[in-house]
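To keep things clear, I will list the structure first and then write my remarks on it.
The values are calculated or read from the model by the stated rules, or taken from the named source; none is laboratory data. Not measured: the values here are computed from a predicted model. Methodologically, a virtual Cβ is constructed for each residue, glycine included, from the backbone with ideal geometry; neighbour enumeration extends over all protein chains shown.
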Amino acid sequence: MVVLAVVAIALGIGAPLFATLAANNRMSSATNDLVSSLIAARSEALKRQVTVTLCPTPDGAGNCVAGGSLGTGWTVFVDRNADGVISADDVVVQQHGALEGDLRDGVTATPTDLMFTGAGTLAIDAPLTDFHIQLCDQRGDADTGAGIAAGRWIQISGLGRQQLVRKRVDLQSETSPLGGC
C-alpha cells in the first residue's frame, strides 16, 4: 500500500510537469523550424541573387495563401518573377506541414508574403521595414520559468536578420507590435 501511495503521489506531481515539458518542446520545435526556414530563404536569396519567398501554404503544398497563417504550413521557393506565386519555373527550396493543433491558431497571419531580395533584405512595401511573427499556444501569457514566455516572437529586420524574443517581459510589452500572447 505504501508503494502504491508513493507511485500515486509521483504520478500526480509528474503528469503536470510532463505536460508543461511537452508544450515547451512543441513551441521550441515549431520556432526552430520556422527560423530555419527563414535562414534558408535568406541564404538562398543571397546565393542565387534572386528573390526567395516564404509564404503560407496549406500543409506545405499548393499555392501561397494571401493573408494566411504560417501555422497551416509554409513553402520557401525561388520566386524568379517576385510575384509571390509558385510558377512552373520557380524552384521549391523547402516545404513544411502544418504545426500541431494548439500552435496552428497561435501563429500570426502574414499580411504579405515574406520575400528576401538577392541582397538578403526584405522586399516589402516600405524598404527596411521590420516583419514580425508570433507563435502562441493554449497557455497564452504564461511564464514557463526563469522569465521565459510560453510563446515566441520572431523579429525580422528590414536587412533580413532574425531575432528571437523569448522573455515574457519583452513578448508581452508595449514594444511588441503583435500584442503578445
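So for region 11-18 (the condition being surrounded by fewer than 14 Cβ atoms within 10 Å (Cβ to Cβ), aromatic (Phe, Trp, Tyr) and not in a loop (DSSP other than H, G, I, E, B)), does at least one residue qualify? Give the derivation first.
Narrowing region 11-18 to residues surrounded by fewer than 14 Cβ atoms within 10 Å (Cβ to Cβ): 11-18.
Then keep just the ones that are aromatic (Phe, Trp, Tyr); that gives 18.
In the following step, the residues that additionally are not in a loop (DSSP other than H, G, I, E, B) were identified as 18.
Scanning region 11-18 turns up at least one residue that is surrounded by fewer than 14 Cβ atoms within 10 Å (Cβ to Cβ), aromatic (Phe, Trp, Tyr) and not in a loop (DSSP other than H, G, I, E, B).
Considering only residues of region 86-106 that are in contact with a helix residue (DSSP H, G or I) (Cβ under 9 Å, 6 or more places away or on another chain) and part of a loop (DSSP other than H, G, I, E, B), which is nearest to GLN134 (Cα to Cα)? Walk me through how you get there before you give the answer.
In the first step, residues of region 86-106 are kept if they are in contact with a helix residue (DSSP H, G or I) (Cβ under 9 Å, 6 or more places away or on another chain); the result is 91, 93-100, 102-106.
Cutting the leftovers down to part of a loop (DSSP other than H, G, I, E, B) gives us 97-100, 105-106.
Numbers: GLY97: 18, ALA98: 15, LEU99: 13, GLU100: 15, ASP105: 11, GLY106: 7 Å.
My answer is GLY106.
List every residue pair whose Cβ atoms sit under 8 Å apart, with the two residues 6 or more apart in sequence or on different chains, where the first one lies in region 36-48 and is touching a residue at least 12 places away in the same chain (Cβ under 8 Å) and on the phi > 0 side of the Ramachandran plot and the second, anywhere, is surrounded by 14 or more Cβ atoms within 10 Å (Cβ to Cβ) and assigned to a helix (DSSP H, G or I).
From residues that are touching a residue at least 12 places away in the same chain (Cβ under 8 Å) and on the phi > 0 side of the Ramachandran plot, there are no pairs.
If the requirement is being polar (S, T, N, Q), within 22 Å of VAL65 (Cβ to Cβ), at pLDDT below 95 and assigned to a strand (DSSP E or B), which of these qualifies: GLN134, GLN155?
Just one listed residue meets the conditions, GLN134.
Could you please let me know if GLY118 is surrounded by 14 or more Cβ atoms within 10 Å (Cβ to Cβ), touching a Cys at 6+ places or on another chain (Cβ under 6 Å) and at negative phi?
No, not satisfied.
Counting just the residues of region 158-178 that are assigned to a loop (DSSP other than H, G, I, E, B), over 16 Å from the mean Cα position of the chain (by Cα) and touching a residue at least 24 places away in the same chain (Cβ under 8 Å), which one comes out surrounded by the fewest Cβ atoms within 10 Å (Cβ to Cβ)? Don't jump to the end; show me each part of the working.
In the first step, residues of region 158-178 are kept if they are assigned to a loop (DSSP other than H, G, I, E, B); the result is 158-161, 172-178.
Add one more test, that the residue is over 16 Å from the mean Cα position of the chain (by Cα), and what stays is 158-159, 172-175.
With touching a residue at least 24 places away in the same chain (Cβ under 8 Å) added as a condition, the list becomes 158-159, 172.
Working: GLY158: 15, LEU159: 12, GLN172: 18.
Among them, the one singled out is LEU159.
Out of THR108, THR72, which single residue is within 12 Å of the chain's Cα centre (by Cα), within 23 Å of GLY160 (Cβ to Cβ) and at pLDDT below 95?
Exactly one of THR108, THR72 is within 12 Å of the chain's Cα centre (by Cα), within 23 Å of GLY160 (Cβ to Cβ) and at pLDDT below 95, namely THR108.
Looking at region 41-69 only, could you name the residues that are under 16 Å from the mean Cα position of the chain (by Cα) and in a helix (DSSP H, G or I)?
Hits for region 41-69 are ALA41, ARG42, PRO58, ASP59, GLY60.
Does region 73-85 contain at least one residue that is out of contact with any Lys or Arg (no Cβ under 6 Å at 6 or more places or on another chain), part of a loop (DSSP other than H, G, I, E, B), crowded, with 19+ Cβ neighbours inside 10 Å and not aliphatic (A, V, I, L, M)?
yes
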